[in-house]
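Asks: Questions regarding the structure given below will be posed in turn.
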Amino acid sequence: MKKFLCLLLALSMMVSFVGCQNQESSSNQSQNGSSENSSTGSGESESGEKIQITYWNQWTQEAEIAFLEKYITEYNQSQDQYEVSYLAIPFDEYVSTKLATAFATGEAPDVFDCSPAIINQYMDAGVCEPLNDILTEEKMALFQEGAFDVCSKDGVIYGIPLDADIVGIYYNKAMLEEAGVEVPKTWSELLDAAVKLNSQDHAGYTFEVDKGDWQCFTFYPFVWMQGGSLFTQDGANLNSPEVVNALQFWKDLLNCGGCNEAPGRSVSDISILTDGETAIQINGSWSVLRADSEQYGVAPLPLPDDGGEPVTVMGGWKIMASSQSSDEEKAGAKDFITWLFLDDPPVHTVEFDTVAKFTFSTRPDVIESASDIYLSNDNAVCFSKEILPTAKSEIAMTAEAKDIVATMIQDALYNMSAQEAADKAQAAMESYFSTYEGAVFVG
Amino acid sequence: MVLPEIIGLLVFLFIPILYAVYISAFDWDVLSEKTFVGFQNYQNMLKDEMFFRSIWITLRYSIIYVVLVFVLSLIMAVFVQSLRNKYLQQTARIAIYLPNTISTIVAATVWIFLFEARNGYLNRWLTAVGIGRQDFLGSTSQALICVVVVGVWLVVGYDMIIFLSALKDVPESYYEAARLDGANCIQQFFKITFPLIKDTSVFIAITTIIGSFQVFDQIRVMTNGGPGGSTTVTVFYIYQLAFEKYQFGYASTIAVTLSILIMFVTLFQLKLYKIDD
């Protein structure tokens with residue numbers, strides 16, 4: 001018995017040790033931002049009287065951190081009322097545990113980022129501060145139509161779009177040439193190409209087979225391009241012919257023998273293609289500058305054989321403010337958001353979208369200001385001229401609804417026929433809608 | 001000296017357990033206020049297909065894992081014990097124990113490369129001997145076995161050391177007497193060794209079963225519960241409910257149920273081996 005107690009104690013200590021480690025690494029990261037801010041900020045005696053504003057996000061890449069440090073320091077120097085510090089948290093941890101538990105324990109940041117995959121959860125919970133007061137008519141005019149659809153509820157806007165990620169297919173030019181395969185433009189051409197390009201060393205085609213947000217994100221356009229939708233104003237539309245067709249096409253891709261059945265990493269990572277593991281890969285605009293345009297090409301998503309409407313999905317992060325903050329903190333949060341991302345001319349936003357990372361924007365003035373970068377090579381031109389005009393916003397839905405859609409895709413790929421998976425998901429979604437009272441899902 | 005242990009257990013074990021039981025009576029998405037629902041979560045659990053599927057997958061994992069860990073660690077302990085050369089024995093012991101020093105995440109990542117469908121070492125060997133390429137982690141029928149392999153590889157060395165210490169306590173004179181009576185190696189093992197290391201065997205069996213019910217790390221890294229949910233064991237399902245669907249109340253309900261299940265399995269085992277403490 002004593003041995004057993006000792007074992008339990010050891011386990012408890014291990015848990016606490018791991019907990020301490022996490023806390024330490026987070027606080028270090030936080031201190032980096034804060035100390036940089038205070039040392040290069042006003043740094044004067046009144047700095048203690050400034051209202052502290054915290055900004056949490058998932059921008060952990062070197063260039064993204066450099067952007068945050070540069071402009072947060074500049075903001076802190078530009079005024080005497082607020083002192084902003086930031087905490088950049090790795091994506092998985094940020095969206096799954098960190099942000100949610102911060103709100104649960106009343107220690108939420110004043111400013112935070114949300115993607116369409118999680119935004120409804122936060123808007124429905126009422127923890128987001130309305131931003132209509134900083135979105136004057138002049139500022140609203142900076143954005144393209146529909147830019148605020150996924151971050152609004154009942155006419156109230158809760159988020160400002162930071163970027164716009166769109167999806168296409170990347171291909172290895174040499175592999176296609178060697179196999180005598182043309183860039184696929186239709187579903188059957190993609191199936192053929194996957195089989196012909198497949199070899200012992202690399203897969204013909206790679207798409208996301210793991211359950212999750214990224215898989216759902218890349219699935220939507222295959223429904224939309226047939227003129228279909230997963231949701232209508234009347235509710236779920238998951239067993240519609242367009243959804244079933246898209247599921248069947250994905251199932252055919254997986255079973256054609258030319259696909260990457262178990263990619264070793266997320267398919268959002270272009271290195272699957274650039275490491276030579278696949279000839280064609282579905283991926284996003286964020287990879288344009290990472291895939292050498294001499295070796296790799298980009299094309300819009302293939303359309304159904306009997307035609308269809310070219311379309312891609314557009315995701316992107318929104319910056320938001322917490323309603324749990326005090327009035328002074330809310331004012332500071334809004335002032336900071338306005339200064340950083342509602343800038344006109346868009347100096348900060350252009351640098352964020354083109355230097356800190358590469359992404360498109362829902363602000364036409366950003367695309368215009370940085371046209372040299374957005375048209376810098378053939379692949380960027382393809383995204384800018386061919387794919388971006390066809391973009392449709394990602395469906396923002398609750399985590400539970402997303403799970404039903406994600407399970408439907410998994411069921412169709414592995415467990416049952418496309419029709420059975422769609423029918424099962426439709427029943428589950430109807431049951432969920434019978435008690436759901438949040439924002440309507442569109443798309 | 002007992003007080004710190006009690007405080008540790010209280011803070012890191014009993015309070016979280018009690019809080020999980022408390023949370024299981026609420027509908028709570030972390031972001032909104034908790035709504036008291038009584039036993040509704042437990043009723044929902046009994047109608048949840050995914051829960052029963054996850055239990056079934058956990059049981060399959062558990063059976064394969066426990067049998068393999070127990071048998072392999074015992075065989076290896078006997079093998080190492082039988083080595084007469086002291087340095088050879090030490091080398092074998094270290095070599096078998098070494099995987100246990102590696103973090104589960106690192107081990108799982110390395111094994112992903114070994115299981116890789118096209119360029120993985122295992123498939124290259126299988127192709128070379130004419131068996132042909134396997135999907136491994138991409139196959140609904142093979143992924144769970146792959147996860148078991150990694151789990152066994154990691155823990156078998158640790159259990160071997162425990163068995164080895166038990167084997168060293170068996171007096172050599174028993175074997176000498178048995179040999180004089182004409183007992184062969186197998187008879188010596190089943191008539192002398194195995195009965196005398198019964199307590200250690202029970203300990204290994206219980207800790208291995210408990211460990212198998214709690215498998216999570218390698219599944220999170222290697223398969224993320226897939227493909228098609230074929231490796232979604234109960235603990236991973238709890239994680240998905242809590243941190244992907246934000247159903248903390250319902251996730252706690254399943255966690256409490258799983259704990260009770262593990263407790264019953266352990267009690268049953270102790271009863272089976274007729275050990276009171």
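Asks: So for segment A:358-373 (the condition being within 14 Å of chain B (Cβ to nearest Cβ) and surrounded by 22 or more Cβ atoms within 10 Å (Cβ to Cβ)), does at least one residue qualify?
Replies: Step one: of segment A:358-373, the residues within 14 Å of chain B (Cβ to nearest Cβ) are none.
No, segment A:358-373 has no match at all.
Asks: For segment A:255-267, what are the residues that are of a type outside the set (D, E, K, R) and surrounded by fewer than 21 Cβ atoms within 10 Å (Cβ to Cβ)?
Replies: If we filter segment A:255-267 for residues that are of a type outside the set (D, E, K, R), which is where we start, we get A:255-260, A:262-264, A:266-267.
Listed by number, the residues that qualify are A:N255, A:C256, A:G257, A:G264, A:S266.
Asks: Another question, if that's okay. Whether any residue in segment B:42-52 is of a type in the set (K, R) and either more than 11 Å from every other protein chain (Cβ to nearest Cβ) or without any contact (Cβ under 8 Å) to a residue 12 or more places away in the chain (or both) is what I want to check.
Replies: Applying the first criterion (of a type in the set (K, R)) to segment B:42-52 yields B:47.
Applying the additional criterion that residues be either more than 11 Å from every other protein chain (Cβ to nearest Cβ) or without any contact (Cβ under 8 Å) to a residue 12 or more places away in the chain (or both) yields B:47.
Yes; the residues of segment B:42-52 include at least one that is of a type in the set (K, R) and either more than 11 Å from every other protein chain (Cβ to nearest Cβ) or without any contact (Cβ under 8 Å) to a residue 12 or more places away in the chain (or both).
Asks: Given the criteria buried (at least 22 other Cβ atoms within 10 Å of the Cβ), among the small types (G, A, S), within 14 Å of chain B (Cβ to nearest Cβ) and part of a strand (DSSP E or B), does A:G168 qualify?
Replies: Working: buried (at least 22 other Cβ atoms within 10 Å of the Cβ): yes; among the small types (G, A, S): yes; within 14 Å of chain B (Cβ to nearest Cβ): no; part of a strand (DSSP E or B): yes.
Here the answer is no, as A:G168 does not meet what is asked.
Asks: Looking only at residues in segment A:205-226 that are assigned to a loop (DSSP other than H, G, I, E, B) and touching a helix residue (DSSP H, G or I) at 6+ places or on another chain (Cβ under 7 Å), which one is farthest from the other protein chains (Cβ to nearest Cβ)? I'd like the intermediate steps shown before the answer.
Replies: Kept after step one, since they are assigned to a loop (DSSP other than H, G, I, E, B), are these residues of segment A:205-226: A:207-212, A:225-226.
Keeping just the survivors that are touching a helix residue (DSSP H, G or I) at 6+ places or on another chain (Cβ under 7 Å) gives A:207-209, A:211-212, A:226.
Values: A:F207: 13, A:E208: 11, A:V209: 6, A:K211: 6, A:G212: 7, A:Q226: 24 Å.
If we take residues in segment A:205-226 being assigned to a loop (DSSP other than H, G, I, E, B) and touching a helix residue (DSSP H, G or I) at 6+ places or on another chain (Cβ under 7 Å), then A:Q226 is farthest from the other protein chains (Cβ to nearest Cβ).
Condition check ((1) within 25 Å of B:T223 (Cβ to Cβ); (2) within 14 Å of chain A (Cβ to nearest Cβ); (3) at pLDDT 90 or above) across all residues:
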| residue | (1), (2), (3) |
| --- | --- |
| B:I57 | yes, yes, yes |
| B:S82 | no, no, no |
| B:L98 | yes, no, yes |
| B:T109 | yes, yes, yes |
| B:R118 | yes, yes, no |
| B:L137 | yes, yes, yes |
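Asks: Of all residues being touching a strand residue (DSSP E or B) at 6+ places or on another chain (Cβ under 6 Å) and among the β-branched types (V, I, T) in segment A:77-126, which is nearest to the other protein chains (Cβ to nearest Cβ)? Just the residue, please.
Replies: A:V111
Asks: Can you tell me how many residues in segment B:227-277 are out of contact with any Leu (no Cβ under 6 Å at 6 or more places or on another chain), among the polar types (S, T, N, Q), more than 13 Å from chain A (Cβ to nearest Cβ) and buried (at least 23 other Cβ atoms within 10 Å of the Cβ)?
Replies: 2
Asks: Out of B:S259, B:S230, which single residue is on the phi < 0 side of the Ramachandran plot, assigned to a helix (DSSP H, G or I) and modelled with pLDDT of 90 or more? Give the derivation first.
Replies: Values: B:S230 fails: assigned to a helix (DSSP H, G or I).
None of the others qualify; the one that does is B:S259.
Asks: While we're on this one: Which residues, taken from segment A:248-286, are more than 11 Å from A:A203 (Cα to Cα) and acidic (D, E)?
Replies: A:D252, A:D269, A:D275
Asks: Moving on to the next point. Report yes if B:L10 is within 14 Å of chain A (Cβ to nearest Cβ) and aliphatic (A, V, I, L, M), otherwise no. Working first, answer last.
Replies: Working: within 14 Å of chain A (Cβ to nearest Cβ): yes; aliphatic (A, V, I, L, M): yes.
Considered against the rule, which asks whether it is within 14 Å of chain A (Cβ to nearest Cβ) and aliphatic (A, V, I, L, M), B:L10 comes out as yes.
Asks: Between a residue in segment B:24-39 that is without any contact (Cβ under 8 Å) to a residue 12 or more places away in the chain and any residue that is in a loop (DSSP other than H, G, I, E, B) and surrounded by 17 or more Cβ atoms within 10 Å (Cβ to Cβ), which pairs come within a Cβ distance under 7 Å, given they are 6 or more apart or on different chains?
Replies: B:S32/A:A125; B:F36/B:A25
The values are calculated or read from the model by the stated rules, or taken from the named source; none is laboratory data. Note that the structure is predicted; figures quoted are calculated from it, not measured. All Cβ positions, glycine included, derive from the backbone under ideal geometry; neighbour counts span all protein chains shown.
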